[in-house]
Amino acid sequence: MLKRLFSHINEAWAYVLMDRLHRVHGVQDLCIAPGSRSAPLVLAAARYRRDHPDVTLHSHFDERGLAFFALGLAKSSRRPVAIVTTSGTAVANLHPAMTEAFEDHRPLIAISADRPEELHGCGANQTINQLGIFATHLRGELRLPSPDPSWSAGRLGRELDGVLRRLHGVDAGPVHVNAPFHEPLYGATGQQDFSAWLADLEDGRHESTEGLEPDDLPRLTGPLLLVAGRLEAEEAAAVLALGQRFGIPIVTDIGSQLRLLRDPAVLEGPDLLFASPRGRAVLEGVEQVLQFGGRLTGKRVNQWLSAFEGPRWLVSRHSAYLDPEHRAVAIQADIPAFCRKLVVLPQTDLGLTPIARELSARVDGFLAERFSELAAARIVSEEIPPTMALLPGNSLSIRLMDMFARPRLGNACVTNRGASGIDGLLATACGFAQRDGVGVTLLLGDLSLLHDLNSLALAARSPGPLVIVVLNNDGGGIFNLLPAKEQGEWFETLFQLPHGLNFQQAAAQFGVRYACPVSAPALRAEYAEACARQGCTLIELRFAPGQSAELLQELTRRLRDDQTC
C-alpha cells in the first residue's frame, strides 16, 4: 500500500515518482549520485527501499561512471534502471551512457533534479537548461513542474506513465525525467495526510508490444549462409536451432552469444575464413544470406556482405535499419518466432566447416610463436570459466577477440556496440557483475581503462569475480591498423598518444589485486586464480606499440600466400 503521510509536497511527489518506477515499470535498481538539489529524490529512494526490499540502491561519486554502471545493470537484469542526479553538469555527464543505451535499445531512466523555472536565466547557482540536454538520444522526455498540490498524484502518475512506456517494447530505450524542486528541499518534521492528493492515482500497467512477424516469409533455397550479429540469448538460441535444423552454417559476431560456442553449425574463427583465399573461394557458392541483428565487428565480414550480390535479408526485433551499405532487405520481427516459422529447402554442404577448423589450427601455431595481444585474447577465450561473462572492450580488444577467440562453452558476451565508445567500459562491467553474482572478464585497452579509471572504485566493491585484463600497448594501438599510421610526425602526437603509464599503483590506490604476467603460461595461471576468487583482479599485459598490427599483417600475408588455406 502506498504511503499517505509525508512531511511536505516535495516528499510526496518524489515518493510517487519512485513508486511509479518500481510498481508499474519494473525498476528494481536505483543508481544514486550525490547532490543537494536531488535530495528529495534521493531520500524518497531510500524510504522506498525501506518499504520494498526487492529494490536496491547503488551509489557512486562520478555521474558518468554511475550511468555506465546502470547500463551494465540493465544489460544483465534486462529491466529498466534509473539514475538520479543533481542539477547542472551532473546531468551532462550521463550523455555518453544515454547515447549507448539509445543505440542499443537499453531502458535507462535519467531523473535529473533541477531549479524551479523562476531561477532559470538569472544567474542562479548550478542552473543550466536541462531540457533537451540528451538531444536526439532519447525515446522520450518529460519536464515536470515543481511539486504543486494543484497537480494531483493521478495527473503526475499519468504524465510519468506517458514517457516511461517508452522503456518497453521493440523500440525500447532511454528516457529523461526532469524534476525541479523548490526550497526547502527537505527537513520538515511534521507529518501531513496526503490521502486526498493521492485519491486519483491509478494502478497503471504498462503493456509491452512485440515485434511484428512478416506475413510472407522469403523463399529460401540456398546454398544459404546465416549471419548472427548483435543478439540476445533467446534470439541466439533460435538462430542456432535454425542452423542445426536445416544444416546451414552460421557466421557469428562476437556479440551474437554464439561466437564462443563450439557447435557443428557455428563456423570457427569466421573473420579468418574471409581472409583466406580458399575460404573466399568456397564462399562464392553462397547464393542467399539471412542475417539476424546488426552491428558486425569484423571488417572482412562487413566487406564481404557489402559486395555480396545475391538476396540478403536482415531480421531485427527493432525498427531501426542496420545495414550501413543499404543493400539488405529489412524485416522487423520477433526473431525466435521468425526462426520457428521458417522453412528452408535442403541445403548443399559447401564445406566451410572443415576449412574453418584447418585455419584455426594454423592460427594456433602462429600464436604459439610469440606472446602477444593476439595470443592473450585466445588464452582468455580458452580459460574463461563456463559461467563467467565476457565483456570485450571496444577498439582493438573486441576485434582481437572476434578474430581469435576459440569457441568452447558459449559464454555470455556483453558489448557496448551501440555507439562503440571506449568510455565507461569498466563501469559497464561493474554494473553487469552486480546481478546474480555472475563473474565477468573485461578485456580492454590501456586508453579505455584510463578513460574510466575512477570506476576502479566500483570494481573494488564487486560481489563476485571481476577480472580486468588490460592490454597496455602505450596508446591507441588500433591506429596502427588505420590510415593514420601513414601520417608521419603527426601519428604519435595526434593519434596514438603514447603515455608511458602502467596501472600497478592505480590498482593499489583502489585496493584492487594486481598481476603483470609476461608469458602465456603465466597469464593462464594468473587468470585462473583471478577467476576463482571473489572480488576484482587487474591483470596488466604490457606489449610494444605496433606489435599487434605487425602480427596481424604477417598472419594475413601467410594466409594469402599459403594456397592450402
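Since every read-out is calculated from the coordinates, none of them should be taken as a lab result. Because the structure is a prediction, the values reported are computed rather than measured. Counting neighbours? That spans all protein chains shown, and the Cβs are built from the backbone with ideal geometry, glycine included.
Here Ser548, Ser77, Ser395, Ser420 are placed in order of increasing Cβ neighbour count within 10 Å, fewest first, which gives Ser420, Ser77, Ser395, Ser548.
Annotation: extensible slack from Ser7 through Arg158 equals 52.0 nm (criterion: 0.36 nm per residue apart, minus Cα-Cα distance).
Amide H contacts for Leu466 (H built 1.01 Å from N in the peptide plane; partners 5 or more residues away or on another chain; cut-off under 5 Å): Val440, Gly535, Cys536, Thr537. Annotation for Lys299 and Arg558: the two label points, set 7 Å from Cα along the Cα-Cβ direction, are 2.0 nm apart.
Scalar couplings 3J(HN,Hα) for segment 230-235, obtained by applying the Karplus form with A = 6.51, B = -1.76, C = 1.60 to θ = phi - 60°, are 6, 9, 7, 4, 6, 5 Hz; x denotes Gly and Pro.
His52 to Arg262: FRET efficiency via 1/(1 + (r/R0)^6), r the Cβ-Cβ distance, R0 35 Å, to the nearest 0.05? Can you show the working numbers first?
Details: r = 43 Å, r/R0 = 1.23.
Efficiency computed from Cβ-Cβ geometry: 0.20.
With neighbours defined as other Cβ atoms within 10 Å of a residue's Cβ, the residues Met98, Met401 order from fewest to most as Met401, Met98. Treating cross-link reach as a plain straight distance, find the lysines whose alpha-carbon is under 22 Å from the alpha-carbon of Lys299, omitting any fewer than eight places away in the same chain. Output for Lys299: Lys485.
Whole-Hz Karplus values for segment 496-511 come out as 6, 6, x, 10, x, 9, 10, 10, 5, 6, 5, 4, 5, 4, 9, x Hz, taken residue by residue from phi with 6.51 cos²θ - 1.76 cosθ + 1.60 and θ = phi - 60°; glycine and proline positions read x.
Mean sequence separation of contacting Cα pairs (under 8 Å, at least six apart), scaled by the length of segment 5-198, corresponds to a relative contact order of 27 percent.
Ordering Arg165, Arg78 from the fewest to the most neighbouring beta carbons within 10 Å gives Arg78, Arg165. For the chain, the longest principal axis of the Cα atoms and the long axis of helix 63-77 meet at an angle of about 70 degrees. Against the set (1) 25; (2) 45; (3) 14, the structure's computed percent of Cα pairs over 43 Å apart falls on (1). PRE reach from Asp200 (point 7 Å along Cα→Cβ): which of segment 135-154 fall under 15 Å by backbone N? Counting backbone N atoms under 15 Å from the label point, the list is 148-154.
Computed FRET efficiency, Cβ-Cβ of Ser420 and Asn502, R0 35 Å: what is it to the nearest 0.05?
Numbers: r = 26 Å, r/R0 = 0.74.
Between Ser420 and Asn502 the formula returns 0.85.
Overall form of segment 224-354: rounded. Here a/c, set by the Cα gyration tensor axes a ≥ b ≥ c, is under 1.5. The length gained by stretching the chain between Asp349 and Arg280 to full extension, at 0.36 nm per residue less their Cα-Cα distance, is 23.3 nm.
What FRET efficiency comes out for Gln244 versus Arg524 if R0 is 30 angstrom and r is the Cβ-Cβ distance? Round to the nearest 0.05. Please report the intermediate quantities before stating the final value.
Numbers: r = 32 Å, r/R0 = 1.07.
So, using R0 = 30 Å, E works out to roughly 0.40.
Taking amide H atoms as placed 1.01 Å from N in the peptide plane, the amide H of Leu391 lies under 5 Å from those of Val414, Thr441, Leu442, Leu443, each 5 or more residues away in sequence or on another chain.
Pairing the Cα long axis of helix 153-164 with the longest principal axis of the chain, what angle in degrees results, from 0 to 90 and rounded to the nearest 10? The two axes meet at around 10 degrees. The calculated Kirkwood hydrodynamic radius for segment 318-400 is 17.4 Å, given to one decimal from all distinct C-alpha pairs.
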